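Before any comments, here is the structure.
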Amino acid sequence: MTDDRHPGLQALFDAARPPDANSMLVEKVMAKIEQDRRRTMLGWIVAGVVLIPIAWWLSAPVVQIVGLAAQLMPSSLIEVETTWLAQITAPINSVSFVVGMTFLVAWRFFWKLRH
């Protein structure tokens, strides 16, 4: 690469119009947008650096709770002696049914409060 400048090309650049107020305004706005973008990116990076160790620290208890819930969900609420009746009532005679219905009722209640 060379540092030599072509005199004709340099004359064209020198003869160009100076930047007007509109282009200076656009440059200021673009500089402000770039500054905000960098600040946002820095915020996301800092949040990630802070939250990743916290998420890693909390992951073991969360996995244990989910495992316990998975073991508890298919448990029957009322023991039924006959197998055919136990199979028929299994969808509504389980902890997962109670948890699901509680969630649906709470969701509907909060949805009604918002609207």
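Using θ = phi - 60° in the Karplus curve 6.51 cos²θ - 1.76 cosθ + 1.60, the 3J(HN,Hα) couplings for the stretch 100-113 round to x, 5, 4, 4, 5, 5, 5, 4, 5, 4, 5, 5, 5, 5 Hz; x is entered for Gly and Pro. Taking amide H as placed 1.01 Å from N in the peptide plane, S94 has its amide H under 5 Å from the amide H of L77, each at least 5 places away in sequence or on another chain. When shorter helices are ignored and each DSSP H run of at least 4 residues is given -39500 (n - 2.57), the per-residue value for the chain at 222 nm works out to -26500 deg cm²/dmol.
By how many degrees, 0 to 90 and rounded to 10, does the Cα axis of helix 21-72 deviate from the longest principal axis of the chain? With both axes taken from Cα atoms, the answer is about 20 degrees. When log10 I(q)/I(0) by the Debye sum over Cα atoms at q = 0.10, 0.16, 0.19, 0.20 Å⁻¹ is calculated for this entry, the matching label among (1) -0.72, -1.03, -1.08, -1.10; (2) -0.45, -0.99, -1.15, -1.17; (3) -0.27, -0.72, -1.05, -1.17 is (1). Across the stretch 90-99, computed HN-Hα scalar couplings (Karplus, 6.51 cos²θ - 1.76 cosθ + 1.60, θ = phi - 60°) run 4, x, 9, 10, 9, 5, 5, 5, 5, 5 Hz from first to last residue, x flagging Gly and Pro.
Roll a 1.4 Å probe over the protein chains and send me the accessible area per residue for the chain in Å².
On the way: 10910 Å² over 115 residues.
Averaged over the residues of the chain, the accessible area is 95 Å².
Say R0 is 25 Å: what FRET efficiency, to the nearest 0.05, do V62 and M41 get from their beta-carbon distance? Could you put the intermediate results ahead of the total?
Numbers: r = 29 Å, r/R0 = 1.14.
Computed FRET efficiency for V62 and M41: 0.30.
Backbone geometry of the stretch 6-18 corresponds, through the Karplus equation with coefficients 6.51, -1.76 and 1.60 at θ = phi - 60°, to 3J(HN,Hα) couplings of 7, x, x, 5, 5, 5, 5, 5, 5, 7, 5, 5, x Hz, x marking Gly and Pro.
Give me the dipole magnitude in Debye, nearest 20, for the chain about the Cα centre, with unit charges on the beta carbon: positive for Lys and Arg, negative for Asp and Glu. The partial results should precede the final answer.
Numbers: 10 positive and 9 negative charges, 94 e Å.
Here the size comes out at about 440 debye.
The 1.4 Å probe gives accessible areas that order E34, E79, E27, largest first, as E79, E27, E34. Compute the signed sum of charges (Lys and Arg +1, Asp and Glu -1) over the other residues within less than 15 Å, Cβ to Cβ, of A21. Taking every other residue near A21 into account, the sum is 0.
The values are calculated or read from the model by the stated rules, or taken from the named source; none is laboratory data. This structure is a prediction, so every number in the text was calculated from the model and none was measured. Note that we place each Cβ from the backbone using ideal geometry, even for glycine, and neighbour counts take in every protein chain shown. The accessibility values were calculated without ligands, DNA or RNA, using every heavy atom of the protein model including side chains. Shrake-Rupley method; radii C 1.70, N 1.55, O 1.52, S 1.80 Å.
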